[in-house]
Amino acid sequence: MKALNWITNRHVLSALCAAPLLFSSAFASAEDAAPAVAAAAAPAPAYTLTYNLGMYSDYIFRGVSFSNGPALQGGIDWAHSSGFYLGTWFSNLDPDLFGQNATLGSKGNHLETDFYAGYAHTFENGFGVNFLGNYYKYFEGRSASSYDVAGNPILTGHKQDTFEASVALSYKWFTYTYFNVLTDWYGQNATNSSFGSIRNRDTKNSDYNELKFNYTLPVADLNLMAKVGYQTTSNLQGDQGDFAVGLNRNFSLPSAGKPLEGFNAGAIYSDTFNVKNPTYYVDVNGNVINGKHLMFFVKRSW
């Protein structure tokens, strides 16, 4: 109830509404000149190659801050007309994420690079499916920390590289997605005491359920996004729910010739609930990395 009261606070609502408009109005495009003669329609290409790059006030992943500050994010996507696609994406990270080897005083990874492939199809009735495999790669190769049953880092774990599979079902404005990690959860092991001995337990099959809503409002071309999800971390103490609501707006930039298209700006508010162990989401510097966040961004796709 406290989180609900906070989100309805007029300052938060004002920020969500104003951010997309301020970003986009600052770069209002010149009036497009209509061509004198319409060009003949070109045949659709067999594949498309697109790029994206954006600046975010924070890297928020399922209600958790992964960068603890500004994040530069971008990627490349290749999509075939058959529905198959693949791509890569990157973001900077907070090296203290997950409490990296806190007792040894060492840092974690500074960069996440994702490699993914999948298949998506939308049927004539509007129902869509999307199958995805995503490999989270950390090229520095720093290890995660293991956690005891209280969520405290005690042993060196494995490299953080993680593979996650997902399937999404969509219809009109709603998308439900189920994610399952087929490797250890970001390289973390769980340790349990049993009859006086300590044994490691894997953290495979940690999963996440997400329901997302996207809708274009009849006001100022604003796009509304809302989502709710629940994360489980097998044999760890990181189970929690999260929700988010945000507004964004597409815009273009004027240029000497045709306006530059593909820009988008907005703001997203997120929070968490039913957190199993709050100490799990405290980094080595004592920062709480889950909870309330208000994130702003501007990006471009081309």
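The values are calculated or read from the model by the stated rules, or taken from the named source; none is laboratory data. Quantities reported herein were computed from a predicted structural model and do not represent experimental measurements. Note that we place each Cβ from the backbone using ideal geometry, even for glycine, and neighbour counts take in every protein chain shown.
Quick notes on this one:
- Residue satisfying all of: in region 138-180; small (Gly, Ala, Ser) and at pLDDT 85 or above; farthest from Tyr280 (Cα to Cα) among these: Ser170
- Test: residue in region 210-224 that is within 23 Å of Lys137 (Cβ to Cβ), at pLDDT below 90 and of a type outside the set (Ser, Thr, Tyr): no
- Evaluating Gly238 against the criteria (1) within 23 Å of Trp185 (Cα to Cα); (2) surrounded by fewer than 19 Cβ atoms within 10 Å (Cβ to Cβ) leaves one unmet condition, (2).
- Total residues in region 79-108 satisfying the condition of being polar (S, T, N, Q) and either touching a helix residue (DSSP H, G or I) at 6+ places or on another chain (Cβ under 9 Å) or at pLDDT 95 or above (or both): the figure is 5.
- Looking only at region 22-78, residues that are at pLDDT below 95, surrounded by fewer than 18 Cβ atoms within 10 Å (Cβ to Cβ) and of a type outside the set (Gly, Ala, Ser) come to 10 in all.
- Screening Thr272 with (1) on the phi > 0 side of the Ramachandran plot; (2) modelled with pLDDT of 95 or more gives one miss only, at (1).
- Unmet requirement for Phe131, which otherwise passes all of (1) surrounded by fewer than 18 Cβ atoms within 10 Å (Cβ to Cβ); (2) within 26 Å of Asn235 (Cα to Cα); (3) at pLDDT 95 or above: (2)
- Candidate set: region 258-278, residues that are over 24 Å from Asp242 (Cα atoms) and hydrophobic (A, V, I, L, M, F, W, C); chosen: the one surrounded by the fewest Cβ atoms within 10 Å (Cβ to Cβ): Leu260
- The number of residues in region 241-257 being farther than 24 Å from Val219 by Cβ, surrounded by fewer than 20 Cβ atoms within 10 Å (Cβ to Cβ) and at pLDDT 95 or above comes to 1.
- Meets criteria (over 24 Å from Asn290 (Cβ atoms), surrounded by fewer than 18 Cβ atoms within 10 Å (Cβ to Cβ) and at pLDDT below 95) for Asn200: yes
Every residue, every condition in (1) more than 25 Å from Ser57 (Cα to Cα); (2) touching a residue at least 60 places away in the same chain (Cβ under 8 Å); (3) not in a loop (DSSP other than H, G, I, E, B), yes or no:
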{"position": "Asn209", "(1), (2), (3)": "yes, no, yes"}
{"position": "Tyr215", "(1), (2), (3)": "no, no, yes"}
{"position": "Pro218", "(1), (2), (3)": "yes, no, no"}
{"position": "Leu224", "(1), (2), (3)": "no, no, yes"}
{"position": "Ser234", "(1), (2), (3)": "yes, no, no"}
{"position": "Arg249", "(1), (2), (3)": "no, yes, yes"}
{"position": "Asp271", "(1), (2), (3)": "no, yes, yes"}
{"position": "Lys276", "(1), (2), (3)": "yes, no, no"}
{"position": "Phe297", "(1), (2), (3)": "no, yes, yes"}
